[in-house]
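Since the structure comes first, as structure tokens, the remarks are kept for the end.
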Amino acid sequence: MNLPKDLKELNAFAFELNCGKYSSVPEFAIPRTNLKDKTSNELTKCIIKDFEVRGGVAYRINTMGVYDGKRGKWRKGGMQKGIPDIIGIIDGNFFGIEVKIGRDKQSADQRVIELEINDAGGIYYIARNYKDYAEYMNALLS
């Protein structure tokens, strides 16, 4: 199976996936994806789509707090600190993917979770852009 190596290929794979999903819809009516990796949100969307293209499943994990309008401040969220931005499974392998853009650095809580995932037999990866992530995944899963 060919696997995406860059954003251009990921967009092409995503379009082919959509064509298969909506086989009764004419090809011209199926929207093309325009995935990018310049922001954390964009890279997260790329990675989740990549899991789908590879036959896996992935979910974005929201660890952000909740704004309390009555109090006028943020409340702590219910998720444990340090959980990766994306969790996913491909061929029975568990992945925890932390998305970092620019100068963003891994926190102490995230380092602890990385060790826990690796010790339990999972795979933890810090993604800074799609190309490096794809190279890592292609080498790992080939």
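If you scan segment 55-70, which residues turn out to be in a strand (DSSP E or B) and surrounded by 13 or more Cβ atoms within 10 Å (Cβ to Cβ)? Spell out the reasoning first.
Of segment 55-70, the ones in a strand (DSSP E or B) are 57-60, 66-68.
Listed by number, the residues that qualify are A58, R60.
Do we find that I48 is within 25 Å of N2 (Cβ to Cβ), touching a strand residue (DSSP E or B) at 6+ places or on another chain (Cβ under 6 Å) and either assigned to a helix (DSSP H, G or I) or among the hydrophobic types (A, V, I, L, M, F, W, C) (or both) in this structure? Yes; evaluated as a whole, the condition is true for this residue. Filtered by the rule that a residue be surrounded by 15 or more Cβ atoms within 10 Å (Cβ to Cβ), part of a loop (DSSP other than H, G, I, E, B), without any contact (Cβ under 8 Å) to a residue 40 or more places away in the chain and not β-branched (V, I, T), segment 1-34 gives no residues. Right, Q106: among the polar types (S, T, N, Q), over 11 Å from the mean Cα position of the chain (by Cα), surrounded by 13 or more Cβ atoms within 10 Å (Cβ to Cβ) and farther than 28 Å from A12 by Cβ or not? Judged against the criteria, Q106 is a match.
Per this entry, I47 is counted among residues that are in contact (Cβ under 8 Å) with a residue 60 or more places away in the chain, of a type in the set (A, V, I, L, M) and buried (at least 17 other Cβ atoms within 10 Å of the Cβ).
Read the figures in this text as sums done on the coordinates, not as results from a lab. Everything numeric here is computed off the predicted structure, so don't read it as measured data. Glycine also receives a Cβ, built like all others from the backbone with ideal geometry; neighbour counts cover every protein chain displayed.
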